[in-house]
1. Suppose we filter GLU70, GLU38, GLU18, GLU27 for residues that are surrounded by 12 or more Cβ atoms within 10 Å (Cβ to Cβ) and over 10 Å from the mean Cα position of the chain (by Cα); which single one remains?
2. Is there any pair with a first residue in region 50-63 that is free of Cβ contacts under 8 Å to residues at least 40 places away in the same chain and a second that is β-branched (Val, Ile, Thr) whose Cβ atoms are under 7 Å apart and which are 6 or more apart or on different chains, and what are they?
3. Considering only residues that are touching a residue at least 12 places away in the same chain (Cβ under 8 Å) and outside any strand (DSSP E or B), look in region 1-15 and name the one that is surrounded by the fewest Cβ atoms within 10 Å (Cβ to Cβ).
4. Here are SER71, SER102: which of them is assigned to a loop (DSSP other than H, G, I, E, B) and either modelled with pLDDT under 90 or of a type in the set (Lys, Arg) (or both)?
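The values are calculated or read from the model by the stated rules, or taken from the named source; none is laboratory data. Because the structure is predicted, anything quoted here is derived from the model rather than measured. So basically every Cβ, Gly included, is an ideal-geometry build from the backbone, and we count neighbours across all protein chains shown.
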Amino acid sequence: MTCKNVNVSGRRTSIRIEEELWSAAEELCMREEMTLHELCTLIDQHKGASGLTAALRVFLIVYFRLAATESGHLEVGHGTIKNKVRAADRWRPFIAQMFAGS
């Protein structure tokens, strides 16, 4: 387990997760052209009653499960820079839907 500090909505907090999950989060951020801080802020804004650490873990699993299928790649727009929408903005509705009702 590794603890890292992140800025979430302008406040500093720490998240403690497995190193493999940090690597997955860093890969996601690289692919989606967003910072770890942006990702955590988006998740925090929509996580409902879940804690940020748990919500991050769930989101990472869902993201990579979607990426494991061709239809998943198309649905979430992996690798589509054509639309010039900031990745953080493109993911906002998906994250909101994922945590709706939690």
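1. Values: GLU70 fails: surrounded by 12 or more Cβ atoms within 10 Å (Cβ to Cβ); GLU38 fails: over 10 Å from the mean Cα position of the chain (by Cα); GLU18 fails: surrounded by 12 or more Cβ atoms within 10 Å (Cβ to Cβ).
The match here is GLU27.
2. That search, which allows pairs on different chains as well, returns THR53/ILE15; THR53/ILE17; PHE59/ILE43; PHE59/ILE95.
3. Restricting to residues being touching a residue at least 12 places away in the same chain (Cβ under 8 Å) and outside any strand (DSSP E or B), the top hit is MET1.
4. On the way: SER71 fails: assigned to a loop (DSSP other than H, G, I, E, B).
It is SER102.
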